[in-house]
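The values are calculated or read from the model by the stated rules, or taken from the named source; none is laboratory data. Predicted model, so just to flag it, every value in this text is computed and none were measured. FYI the Cβ positions are ideal-geometry reconstructions off the backbone, even for glycines, and counts take in every protein chain you see. To get the accessible areas, we keep the full protein, side chains included, count just its heavy atoms, and leave off ligands, DNA and RNA. Shrake-Rupley method; radii C 1.70, N 1.55, O 1.52, S 1.80 Å.
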Amino acid sequence: MKKELVLILRKLFFVFLLSNVAAHLGAQVIPVTIKVVNAKKEPVAFATISVTNRVDSLQIIKIVADSSGIAKFNLKKGGQYTISISSINYQPLEKGIIVSSTQSSFHFSLEAASKTMDAVVITAQKPLMHQEDDKTVVDPENLVAASTSGYEVLEKTPGLFIDQDGNIYISSLTPATVQINGREMKMSAADVATMLKNLPPNAISKIEIVRTPSAKYDASSTGGIVNVVLKKGVKIGMTGSVNTGWQQGNYANEFIGFNLNNNDGKKSSFINLNYGKRNSYEEIVTNRMFAPDSLLAQNAFTTYPSDVYAAGYGMAWPMGKKWDIDFAGNASLNDFDNKTDNRSVIQKISAAQTLASNLSRVTNSGSSFYISNGIEGKLKIDTAGSEWKNDLFYTYSNNKSDQFFTTLYDIPVIPVFGGDGSSNNNRNAFTAKSDLVLKMKKKFTLETGGRISVYDYKSTADYFRESGGIREKDASRTNTFNYNENINALYLQGSQTLGKDLVIKFGTRVENTNMKGEQIIPHDTTFSIHRTDPFPYIYLSKNIMKIASWELRAYLVYRRTISRPVYDQLNPFPKYVDQYLSEVGNPSLRPQFTQNYEANISVDERPILAIGVNDTKDIFTNVIYQADSSQRQAYRTYDNLGKNKEWYLRGLGAIPPGGRYFLVLGGQYNHNFYQGLYENKPLSFKKGTWTFFTYQTFKLDKRSVITVNGFIRLNGQQQFYELTSFGSLNTSVNRKFMKDKLVVTMSLSDIFATNKNNFNINQGSVKASGFRQSDTRRFGVNLRYNFGIRRKEENNNMFNVESPEKTN
């Protein structure tokens, strides 16, 4: 049955194409008139009008209205479009239209803007989620109000799931790639989580979820892409906000932030500053078969106090009539002092006898610094939407930590054992890319471009151990490791609209991979990878039917992707966890390749149903191995195990926004089947997992909104760990004061303290079970004060200004 599903999905691509090409040739284009007036029915002269094709968001036409407020377009009969209108001294407007033979003339009325910008009112209703071409766009406005960091915003986003290690998932149980402003961070999940926790929540403009990235995107996006787009100075005049908040669980989180935006109609700039004091805990209880007839029981309790400093900055300006330049950067510093107490007891099972008991204490203190800067230049080639983008991006990060560990033995009574060490990791990354989009005749869009990325990582660690008052070098953990990576890519893809609404997108991306790792100390583990791989992509989209006023649109997608091991997964440096467990990278890891087939349906640009298959070869994943035959020492690492086939089914339903009540409810099923070798023994592992999520808002009155969101995962899975059911239910209430300038939000996260789970692993020689929980139930209060000063504008000053931010 499962093999037949793959064959059916493959055949659907060809059936879909052949059955619709002939029926959709020769769509009619008709003239459309748009007139813009004000509240007094007077023409709004020289308003900027943008028309975006809702089927293909790359098709954008921008025209400046004449002195009578009139602009004329040639649009497809039966086509669906989004109209965006902006003009100096008026509030921006965004509306949807459908062009027909009986409706080819449209009138729009703009409301005057407040001179002091005390309160910004937007009449158009922005949905929480909508579809743009091959990505889902999330408006995080209400999510931001109840969050203290960018990480918490993503936790609350419907359809995204973040595990306890910081990995973000979309459809697959393969983690998604995280980008900031369209740029991959090239970090481990833990480092990305730290960066997002340093990001102020109100710095996020929107979240783009790309489930099936096209050839334009990096091929290393097997689990999809989550792109966090940050705000820039887009409002006319000087505007900003002051934010502060507090959350209390077992430990407290506090933050305070400030952001300022300035736009004079030509140039825009922004700056935001944020400070946070954070603390949380994690408790892990583990029972592992330690040796024949012996059980190792451990209870580890870790606290994570930190001081976080973050800043963002940028500016944008035009160069001539067609070029736009955009410079932006951000920096963060995280000072941490993590402490772990781990009680370990070894018992002889048959005699119920305690053989050993000890307490291990580990302190990891240090700092992580991150800074990135990027500059983008965009050339507007024509009014049809053709453009050429060029981007240069550089990041630097440094992680320094000092580790101190001691073990106090109760049974038997022996001298204290301990040690200390320091590590220093430096990472440099440079990326240059160029993307060209050409809108050509007969509704054909050509996209092509290239990308060059260079990464350089250097890691040093110097460790000592001490026993009985004697301190000596720990040669097994003293380490120097260098890693270099260069990836060169070229892509070419085309998009053709046939007839009324059939869209075909096809392309190929070719990536040249060069990876070299070299461990200098304690011994040489040099490895090198050089390969070139093609990654084809096919995308079909078509309206299939109309129910009442809702358009149902179908999509079929095929793509091939790669997952490359990152630096932390390759570094052979053994990280001390406790005297029985360490974490170590695997320099022999090979890339894994995945073929993805997906069919999905959207209603009114909102995805509602999807079914797909991920067929992965040479898969690598997190594993636990015994370090020796005695089974007393174990280590966590990554290894290539064989192959995996994953089937997934995703559904999403919603009550449309616009009324007092708004609801999103979704569910997803994932089934994985692993086959290969684990510790050189045959592996066969099957597991199915259900996940349900919801997001709901209810307007109590004009100034108050209550929000409820949450998820539940049934019989969960994380690599080869089998998890019991767990979930979280969160709520918040926000209220506006002082003419809507002050927003106060009260929130409660993980109301029933259910975001915890039992786990079990039984693979190879490793047999373990346990329990894991963290500081997830929290009560919080957030305050945000918005301010703005509008500058005087000349009546003949005409620029295309984006919509102002809504206040909550």
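Tell me whether the stretch 214-221 contains one or more residues that are crowded, with 16+ Cβ neighbours inside 10 Å, part of a strand (DSSP E or B) and touching a residue at least 12 places away in the same chain (Cβ under 8 Å). Checking the stretch 214-221: not a single residue is crowded, with 16+ Cβ neighbours inside 10 Å, part of a strand (DSSP E or B) and touching a residue at least 12 places away in the same chain (Cβ under 8 Å).
Return the pairs, sorted by first residue and then second, in which the second residue is in a strand (DSSP E or B) and acidic (D, E), the first residue lies in the stretch 607-627 and is over 17 Å from Y555 (Cβ atoms) and open to solvent by less than 20 Å² (accessible area, probe 1.4 Å), the beta carbons are less than 7 Å apart, and the residues are 6+ apart or on different chains. Pairs found: V623/D639.
Name the one entry in G366, G377 that is closer than 25 Å to N253 by Cβ, open to solvent by less than 30 Å² (accessible area, probe 1.4 Å), part of a strand (DSSP E or B) and free of Cβ contacts under 8 Å to residues at least 60 places away in the same chain.
Numbers: G377 fails: closer than 25 Å to N253 by Cβ.
Only one candidate qualifies: G366.
A search for C-beta distances below 8 Å between a residue of the stretch 290-303 that is assigned to a loop (DSSP other than H, G, I, E, B) and any residue that is small (G, A, S) and at pLDDT below 95, counting only pairs 6+ apart in sequence or on different chains, returns D293/S350.
Would you point out the residue of the stretch 223-240, among those that are of a type outside the set (V, I, T) and in a strand (DSSP E or B), that is modelled with the lowest pLDDT? Step through it out loud before you land on a result.
The initial filter retains those residues of the stretch 223-240 that are of a type outside the set (V, I, T), namely 223-224, 227, 230-233, 235, 237-238, 240.
Add one more test, that the residue is in a strand (DSSP E or B), and what stays is 227, 230, 237-238, 240.
On the way: N227: 91, L230: 82, G237: 70, M238: 80, G240: 84.
The residue in question is G237.
For the stretch 758-793, give me each residue that is of a type in the set (S, T, N, Q), farther than 27 Å from K681 by Cβ and either at pLDDT 95 or above or in a strand (DSSP E or B) (or both). Break it down into steps so the answer makes sense when it comes.
We begin by selecting, within the stretch 758-793, every residue of a type in the set (S, T, N, Q); these are 758, 760, 762-763, 765, 769, 773-774, 776, 782, 786.
Then keep just the ones that are farther than 27 Å from K681 by Cβ; that gives 773-774, 776, 782, 786.
Answer for the stretch 758-793, where residues must be of a type in the set (S, T, N, Q), farther than 27 Å from K681 by Cβ and either at pLDDT 95 or above or in a strand (DSSP E or B) (or both): Q773, S774, N782, N786.
Of all residue pairs spaced 6 or more apart or on separate chains, those with beta-carbon atoms under 8 Å, a first member in the stretch 769-782 that is touching a residue at least 24 places away in the same chain (Cβ under 8 Å) and a second member that is of a type in the set (A, V, I, L, M) and not in a strand (DSSP E or B) are T776/A753; R777/I751; R777/A753; G780/A146; N782/A145; N782/A146.
Which residue out of G276, G224 is of a type outside the set (D, E) and over 30 Å from E646 (Cβ atoms)?
On the way: G224 fails: over 30 Å from E646 (Cβ atoms).
Testing whether each residue is of a type outside the set (D, E) and over 30 Å from E646 (Cβ atoms) leaves just G276.
Mind listing whichever residues of the stretch 548-558 are polar (S, T, N, Q) and part of a strand (DSSP E or B)?
Keep residues of the stretch 548-558 that are polar (S, T, N, Q), which gives 549.
None; the set is empty.
If the condition is being open to solvent by 30 Å² or more (accessible area, probe 1.4 Å), assigned to a strand (DSSP E or B) and either more than 25 Å from I521 (Cβ to Cβ) or charged (D, E, K, R) (or both), then the stretch 559-585 contributes R560, K575, E583. Reported count of residues in the stretch 60-83, each being open to solvent by 30 Å² or more (accessible area, probe 1.4 Å), free of Cβ contacts under 8 Å to residues at least 40 places away in the same chain and not aliphatic (A, V, I, L, M), is 4.
Those residues that are under 30 Å from N600 (Cα atoms) and surrounded by 18 or more Cβ atoms within 10 Å (Cβ to Cβ), I need them from the stretch 507-537; list them, please.
Just the residues of the stretch 507-537 that are under 30 Å from N600 (Cα atoms), to begin with: 507-511, 533-537.
Answer for the stretch 507-537, where residues must be under 30 Å from N600 (Cα atoms) and surrounded by 18 or more Cβ atoms within 10 Å (Cβ to Cβ): G507, R509, E511, F535, Y537.
Name every residue in the stretch 197-212 that is more than 29 Å from D307 (Cα to Cα) and surrounded by 24 or more Cβ atoms within 10 Å (Cβ to Cβ), in order of residue number. Across the stretch 197-212, the qualifying residues are R211, T212.
Taking the residues in the stretch 419-447 that are basic (K, R) and surrounded by fewer than 16 Cβ atoms within 10 Å (Cβ to Cβ) as candidates, determine which candidate is modelled with the highest pLDDT. Top of the filtered list is K441. Every listed requirement among (1) at pLDDT 80 or above; (2) open to solvent by less than 60 Å² (accessible area, probe 1.4 Å) is met by E111 save one, (2).
Would the stretch 447-460 turn up any residue that is acidic (D, E) and within 25 Å of I562 (Cα to Cα)? Break it down stepwise before answering.
Here is the first cut: in the stretch 447-460, the ones acidic (D, E) are 447, 456.
Filter again for within 25 Å of I562 (Cα to Cα), leaving 447, 456.
Within the stretch 447-460, one or more residues are acidic (D, E) and within 25 Å of I562 (Cα to Cα).
For the stretch 777-788, the count of residues that are over 21 Å from K736 (Cα atoms) and within 24 Å of the chain's Cα centre (by Cα) is at least one. In the set (1) closer than 21 Å to D165 by Cβ; (2) modelled with pLDDT of 90 or more, the condition left unmet by F692 is number (1).
Here's the yes/no breakdown for (1) farther than 24 Å from F662 by Cβ; (2) in contact with a helix residue (DSSP H, G or I) (Cβ under 9 Å, 6 or more places away or on another chain); (3) not basic (K, R):
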{"position": "K135", "(1), (2), (3)": "no, no, no"}
{"position": "V153", "(1), (2), (3)": "no, yes, yes"}
{"position": "G159", "(1), (2), (3)": "no, no, yes"}
{"position": "Q164", "(1), (2), (3)": "yes, no, yes"}
{"position": "P201", "(1), (2), (3)": "no, yes, yes"}
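Any residue in the stretch 347-363 that is touching a Gly at 6+ places or on another chain (Cβ under 8 Å) and at negative phi?
The initial filter retains those residues of the stretch 347-363 that are touching a Gly at 6+ places or on another chain (Cβ under 8 Å), namely none.
No, every residue in the stretch 347-363 fails to be touching a Gly at 6+ places or on another chain (Cβ under 8 Å) and at negative phi.
The set of residues from the stretch 498-547 being in a strand (DSSP E or B), acidic (D, E) and more than 24 Å from S220 (Cα to Cα) is empty.
Selection of the stretch 527-565 for residues being modelled with pLDDT under 90 and polar (S, T, N, Q) yields S528, S541, N543, S549, S563. Checking each residue in the stretch 319-344 for being among the small types (G, A, S), crowded, with 16+ Cβ neighbours inside 10 Å and farther than 30 Å from D402 by Cβ picks out only A328.
Here the condition is being over 24 Å from the mean Cα position of the chain (by Cα), crowded, with 18+ Cβ neighbours inside 10 Å, more than 25 Å from Q403 (Cβ to Cβ) and of a type outside the set (K, R); of Q353, Q347, it holds for Q347 alone. Of the residues making up the stretch 571-618, those that are among the aliphatic types (A, V, I, L, M) and under 23 Å from the mean Cα position of the chain (by Cα) are A599, I601, I608, L609, A610, I611, V613.
Taken over the stretch 643-677, residues that are open to solvent by 10 Å² or more (accessible area, probe 1.4 Å) and either at pLDDT below 90 or not in a strand (DSSP E or B) (or both) amount to 13. Restricting the stretch 385-399 to residues that are out of contact with any Leu (no Cβ under 9 Å at 6 or more places or on another chain) and open to solvent by less than 40 Å² (accessible area, probe 1.4 Å) leaves a set whose member that is farthest from S434 (Cα to Cα) is N399. Evaluate the stretch 243-258: report whether one residue or more is at negative phi, buried (at least 21 other Cβ atoms within 10 Å of the Cβ), modelled with pLDDT of 85 or more and charged (D, E, K, R). Within the stretch 243-258, none of the residues are at negative phi, buried (at least 21 other Cβ atoms within 10 Å of the Cβ), modelled with pLDDT of 85 or more and charged (D, E, K, R).
Restricting attention to the stretch 400-418, does a residue exist that is touching an Asp or Glu at 6+ places or on another chain (Cβ under 9 Å), open to solvent by 60 Å² or more (accessible area, probe 1.4 Å) and modelled with pLDDT under 90? So far as the stretch 400-418 goes, yes, one or more of its residues are touching an Asp or Glu at 6+ places or on another chain (Cβ under 9 Å), open to solvent by 60 Å² or more (accessible area, probe 1.4 Å) and modelled with pLDDT under 90.
Scanning the stretch 479-498 for residues that are touching a Gly at 6+ places or on another chain (Cβ under 8 Å), open to solvent by less than 20 Å² (accessible area, probe 1.4 Å) and over 18 Å from L446 (Cα atoms) gives F481, Y483.
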